[in-house]
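The values are calculated or read from the model by the stated rules, or taken from the named source; none is laboratory data. Note that the structure is predicted; figures quoted are calculated from it, not measured. Note that we place each Cβ from the backbone using ideal geometry, even for glycine, and neighbour counts take in every protein chain shown. What goes into the accessible areas is simple: the full protein's heavy atoms, side chains included, and nothing from ligands, DNA or RNA. Shrake-Rupley method; radii C 1.70, N 1.55, O 1.52, S 1.80 Å.
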Amino acid sequence: MVSSGTISSDMSSLSTSLSSYETCITGLHANWQGDSYDNIAKQATSFLSEYKSAIEKQMQAFASAVATYQEYKQVKQQLQAAQAALSSLTEDDPGKANYYGIISSCQEKLEQLKASIEASLAAASTPSLGSSTAITNAQTTGHLNIYQGIRRGSRELTNAVTVDEVAPTTTGTVRQVLTKAIEIAQDDTHGYSQQTRYGNPNYDCSSFVITCWDSAGTGVKAAGAKTTHNMRKAFTSTGLFEWIPGNPKVEDLRPGDVLLNETKHTEMYIGEGFMVGAHGDFDNVNGDGNGRELGVCPYSGAWEGILRYKGDQPLTNIDLSNTTI
């Protein structure tokens, strides 16, 4: 039988787990700047609060059922004792009426306690989040469902991403590059490796970003881009990219921006607070068997700067006053 001590221990463990989860949300929020992500963080906090409250109510209902069952056992023992005493009396014993009253009272009480236990158990097993405002808001938000990403893991998050969702207004070369990046990331035959890179069949961080941009005809490979150490020089030498130094806030980024730490790592920002890249080898086999080697994740990192594509610029502020047609 589950004791009240076990219930208290379980509730304490639940509280600790949710506090840890809240810390994770706060940590993510610290990396996400801007009103959109403030809103997501608020929804996440609201969801956690409602979830914690619902679980605590269910645990309390179960604890109530346990306590009521203890009382049920005591009344049942009283009933059995009264029935045993009654059976030992003779037919004309005047004490029988008293035991009949005790037995009737115990039976009535047992029915009441049984109904109470069943009601508590029903409350303990019934989900309480179906109409949650936080969940409804999370499911109808225009942003990627970050709650689904947190619950299901990076593979499912990666598979849920589309260019139309993270960068709906992006066109031209950048859209072509984002499409290529998401296509590679969603293909489980590609994992992380520095030995079998450039899609043969895997990628490391630099070969992933270089491949995506080279596929759009930018010529970065021909310019000598091979690793994070020479990407900056090669990309800018094409005349199509500018180097913007510093570790950017997310609201300063544009879809397609190459996030670069020249001695360590590179990823590509895709929009809506997310980046895509090759992260690391977790199983030493070809392909991405766990969904963590190559995919989409929330923006974070310590970057030395970004490589921003400056091609496909709109024709604005051009003086046509002296143009002859």
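Can you tell me how many residues in the stretch 209-225 are free of Cβ contacts under 8 Å to residues at least 24 places away in the same chain and open to solvent by 10 Å² or more (accessible area, probe 1.4 Å)?
Matching residues across the stretch 209-225 total 6.
Looking only at the stretch 75-105, which residues are touching a Cys at 6+ places or on another chain (Cβ under 8 Å) and of a type in the set (Gly, Ala, Ser)?
Answer for the stretch 75-105, where residues must be touching a Cys at 6+ places or on another chain (Cβ under 8 Å) and of a type in the set (Gly, Ala, Ser): just Ala82.
Going through Tyr192, Tyr147 one at a time, which residue ends up being of a type in the set (Phe, Trp, Tyr) and at pLDDT below 90?
Unique residue meeting the criteria: Tyr147.
Does Thr170 satisfy being polar (S, T, N, Q), surrounded by 16 or more Cβ atoms within 10 Å (Cβ to Cβ), modelled with pLDDT under 95 and in contact with a helix residue (DSSP H, G or I) (Cβ under 9 Å, 6 or more places away or on another chain)?
yes
Testing Ser206 on (1) open to solvent by 20 Å² or more (accessible area, probe 1.4 Å); (2) in contact with a strand residue (DSSP E or B) (Cβ under 7 Å, 6 or more places away or on another chain); (3) of a type outside the set (Lys, Arg), one condition comes back false. Which one is that?
(1)
Looking only at the stretch 240-281, how many residues end up being touching a His at 6+ places or on another chain (Cβ under 9 Å) and open to solvent by 10 Å² or more (accessible area, probe 1.4 Å)?
Number of matching residues: 5.
Within the bounds of the stretch 226-235, is there any residue that is of a type in the set (Val, Ile, Thr), surrounded by fewer than 21 Cβ atoms within 10 Å (Cβ to Cβ), farther than 18 Å from Tyr309 by Cβ and more than 24 Å from the chain's Cα centre (by Cα)?
yes
Gly291: within 18 Å of Gln176 (Cβ to Cβ), open to solvent by less than 30 Å² (accessible area, probe 1.4 Å), of a type in the set (Gly, Ala, Ser) and touching a residue at least 24 places away in the same chain (Cβ under 8 Å), yes or no?
Answer is no for this residue.
Inside the stretch 65-111, can you point out the residues that are small (Gly, Ala, Ser), open to solvent by less than 50 Å² (accessible area, probe 1.4 Å) and closer than 30 Å to Ala123 by Cα?
Once the filter is applied, which keeps residues that are small (Gly, Ala, Ser), open to solvent by less than 50 Å² (accessible area, probe 1.4 Å) and closer than 30 Å to Ala123 by Cα, the stretch 65-111 yields only Ala65.
Just to be sure I understand the filter: pairs with C-beta atoms under 6 Å, separated by 6 or more residues or on different chains, first member in the stretch 162-187 and small (Gly, Ala, Ser), second member in a loop (DSSP other than H, G, I, E, B). Which pairs pass?
Sorted first by the residue in the stretch 162-187, then by its partner, the pairs are Ala167/Pro255; Gly172/Asp312.
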